[in-house]
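What follows is a short report on a single structure.
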Amino acid sequence: MQSMSRTSFLAVNYPNLQGLKQIPLGLALLLVTLWANGQNLAHSLYLPLLFMVGSFALLIPIYRYYDHLFGRVTRRLTSVGLEIAAGGICALLVSAAFWMEITFKLPFSPLGLAMTIFLLFVSLRMWRRLSRVFVTGLCSSALMAIVSILPVLGIPNWWSAVGMKNHILGVTLVYSLIMIVSGILSHIYFAYSLSSAPEAVNE
Amino acid sequence: MSNVFEDLAGLDKLIHEPARLSIMTALASIKSADFLALLHLTGLTGGNLSTHLSKLEEAGWITQEKQFISKKPNTLIQITEKGRAAIENHWKQLESLRRDAQEWKP
């Protein structure tokens, strides 16, 4: 049996630790980034829309997988409300950062820094005495921050080394890969943290 | 005046039993959970969990709602306000006993 603090942590973060749910979102962002990198943006948006719809369609079997194998936890309204508010603020921040990125020629990526703040918020939400999830989140934030300011650190045009046309595509590529990898790691942590339940069927 | 060890022996055994304490701790942190999620969170076997949930329901500390989701049976478990007060009070008692135990002198 686990410690009470661990039980409480897992209960509160039960839906958040189900990391496979963020893979379709990361995949959608990755495919759209690769499409934008290869195409003249004046062309039809049919393909990126298809990527997004297809990736989001993956969410259905993933949600069913978690419900069927791990059951469902409904969080308290206060924690959900706080997350929605924080998510709204992050969305505004990302939108403002995107506008700054395309309007001004800056030596760093405001969008990348906004994504860094979002990743920090996500990892702080699951802070628990340096848990593996929290540490992974911190590392992701650090990587995102570094990638955003690489030109300032003396490595201009780093994005061309990974085949990207510009800084904005470079940071979205890195962010999409972080989403996919951290999603997989989060799922592994989730699956192995929960106690084995040999008679695990819903009654 | 009772000493800390007498107070420890006097703890409410309904909630102090480790499996039930684990169940109540999990439920106090969230709005509700289904049976399967509680199984994973507590590490209990199905029969064991059912027994403990029945005891907690008799005490009025949780509610169990049986429903069907996609034609499959599903039991939704929620802590009641009485149950929430009981677990919070229990943790306060344990914290108080911990402090008393540190200060205890024979």
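For the range B:80-87, indicate whether the set of residues that are of a type in the set (Ser, Thr, Tyr), in a helix (DSSP H, G or I) and closer than 21 Å to A:MET4 by Cα is non-empty. Walk me through how you get there before you give the answer.
Filtering the range B:80-87 for residues of a type in the set (Ser, Thr, Tyr) gives B:80.
In the following step, the residues that additionally are in a helix (DSSP H, G or I) were identified as none.
Within the range B:80-87 (the criterion being of a type in the set (Ser, Thr, Tyr), in a helix (DSSP H, G or I) and closer than 21 Å to A:MET4 by Cα), the answer is no, since none of the residues qualifies.
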Being under 30 Å from A:TYR65 (Cβ atoms), within 7 Å of chain A (Cβ to nearest Cβ), at pLDDT 90 or above and open to solvent by 60 Å² or more (accessible area, probe 1.4 Å) narrows B:LYS31, B:LYS72 down to just B:LYS31
Yes or no: the range B:56-76 includes at least one residue that is closer than 15 Å to B:LEU21 by Cα, assigned to a helix (DSSP H, G or I) and either within 14 Å of the chain's Cα centre (by Cα) or not charged (D, E, K, R) (or both).
yes
With the requirement that a residue be open to solvent by less than 100 Å² (accessible area, probe 1.4 Å) and free of Cβ contacts under 8 Å to residues at least 12 places away in the same chain, what does the range A:68-77 give you?
A:THR74, A:ARG76
Tell me yes or no: at least one residue of the range B:14-28 is more than 10 Å from every other protein chain (Cβ to nearest Cβ) and not in a helix (DSSP H, G or I).
yes
So, first residue facing another protein chain (nearest Cβ under 9 Å) in the range A:9-21, second residue part of a loop (DSSP other than H, G, I, E, B) and modelled with pLDDT under 90, Cβ within less than 6 Å, six or more apart or across chains; the pairs are A:PHE9/A:ARG128
Matching option when the condition is more than 30 Å from A:GLY81 (Cβ to Cβ), open to solvent by 30 Å² or more (accessible area, probe 1.4 Å) and at pLDDT 95 or above, among B:SER54, B:SER96, B:SER2:
B:SER54
Of the conditions (1) facing chain A (nearest Cβ under 10 Å); (2) of a type outside the set (Lys, Arg); (3) in contact with a His (Cβ under 9 Å, 6 or more places away or on another chain), B:TRP91 satisfies every one except a single condition; which number is it?
(3)
Under 7 Å between Cβ atoms, at least 6 apart or on separate chains: pull out the pairs that start in the range A:162-183 with a residue that is within 15 Å of A:PHE108 (Cα to Cα) and open to solvent by less than 30 Å² (accessible area, probe 1.4 Å) and end on any residue that is of a type in the set (S, T, N, Q) and assigned to a loop (DSSP other than H, G, I, E, B).
A:HIS167/A:SER109; A:VAL171/A:SER109
Do we find a residue being away from chain B (no Cβ under 14 Å), of a type in the set (Phe, Trp, Tyr) and open to solvent by less than 40 Å² (accessible area, probe 1.4 Å) anywhere in the range A:87-101?
no
Tell me, which helices (runs of 4 or more DSSP H) lie completely within the range A:1-112 with 3 or more residues that are polar (S, T, N, Q) and at pLDDT below 90?
A:4-12
From the set of residues in the range B:34-55 that are assigned to a helix (DSSP H, G or I) and over 24 Å from A:ARG64 (Cβ atoms), which is farthest from the other protein chains (Cβ to nearest Cβ)?
B:LYS55
Single condition A:LYS165 does not satisfy, out of (1) within 14 Å of chain B (Cβ to nearest Cβ); (2) more than 20 Å from the chain's Cα centre (by Cα):
(1)
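The values are calculated or read from the model by the stated rules, or taken from the named source; none is laboratory data. Only a predicted model underlies this, so the values are computations on that prediction, with no experimental measurement involved. Positions of Cβ are generated from backbone atoms using ideal geometry, with glycine treated the same way; all protein chains shown enter the neighbour counts. When the accessible area is computed, the model is the full protein with side chains, heavy atoms only, and any ligands, DNA or RNA have been set aside. Shrake-Rupley method; radii C 1.70, N 1.55, O 1.52, S 1.80 Å.
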